[in-house]
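Since every read-out is calculated from the coordinates, none of them should be taken as a lab result. These numbers come from a predicted model, not from an experiment. Heads up, the Cβs are rebuilt from the backbone with ideal geometry, glycines too, and the neighbour counts pull from every protein chain shown.
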Amino acid sequence: MPSYVITGVSKGLGYEFLRQISANPSNTVIGIVRDKPTTIKKVSEELQGRSNIHILQADILDYDALKGAVEDTAKITGGSLDYLIANAGYVSQFDAYDPIGVL
Ligand SMILES: NC(=O)c1ccc[n+]([C@@H]2O[C@H](COP(=O)([O-])OP(=O)(O)OC[C@H]3O[C@@H](n4cnc5c(N)ncnc54)[C@H](OP(=O)(O)O)[C@@H]3O)[C@@H](O)[C@H]2O)c1
């Protein structure tokens, strides 16, 4: 039963990692998000019945929140973790062809 933690699963690539990896019920997938209620709603609507998905709340810039997520992850997995997908991040909207004033 491989276990995964994926940061930033509310949308984009992180959500797609969550969707694809959790399609295998033998995978335990823990997603870390900033807005837990919204992500739980999305997962329950779009990925119904996937009891192998666990959503935890933490901003990756908040050390204490991350420590809490680590402790909660350990409770889910029994203390080990196989894969960490560090996906969450800021995606710049700046385009290389924008003028310097925009940057
Ligand atoms: N898309 C690309 O072409 C591309 C190319 C190269 C690298 N990447 C990298 O791939 C990753 C995902 O890209 P994406 O296109 O899927 O971006 P995205 O759609 O903007 O999604 C970013 C995700 O990261 C989360 N996030 C951002 N800051 C966070 C924080 N401080 N704490 C917790 N979660 C945070 C967002 O959560 P919220 O919903 O709370 O904002 C969201 O779930 C990023 O690290 C990006 O730099 C993307």
Taking the dipole of the chain about the Cα centre (Lys, Arg +1; Asp, Glu -1; charges at Cβ), the one of LEU13, SER51, GLY89 that reaches farthest to the positive side is SER51
Taking Cα atoms only, Rg over Rh for the chain with Rh from the Kirkwood formula is 1.06
Ranked from fewest to most other Cβ atoms within 10 Å of their own Cβ, ASP64, ASP59 fall in the order ASP64, ASP59
GNM on the chain, Cα springs under 10 Å; top mean-square fluctuation among ALA58, ALA69, ALA23 goes to ALA23
Listed with the fewest Cβ neighbours within 10 Å leading, PHE17, PHE94 appear as PHE94, PHE17
Going fewest to most other Cβ atoms within 10 Å around each Cβ, TYR97, TYR63, TYR4 line up as TYR97, TYR63, TYR4
Per GNM of the chain with C-alpha springs under 10 angstrom, the most fluctuating residue out of LYS36, LYS11, LYS75 is LYS75
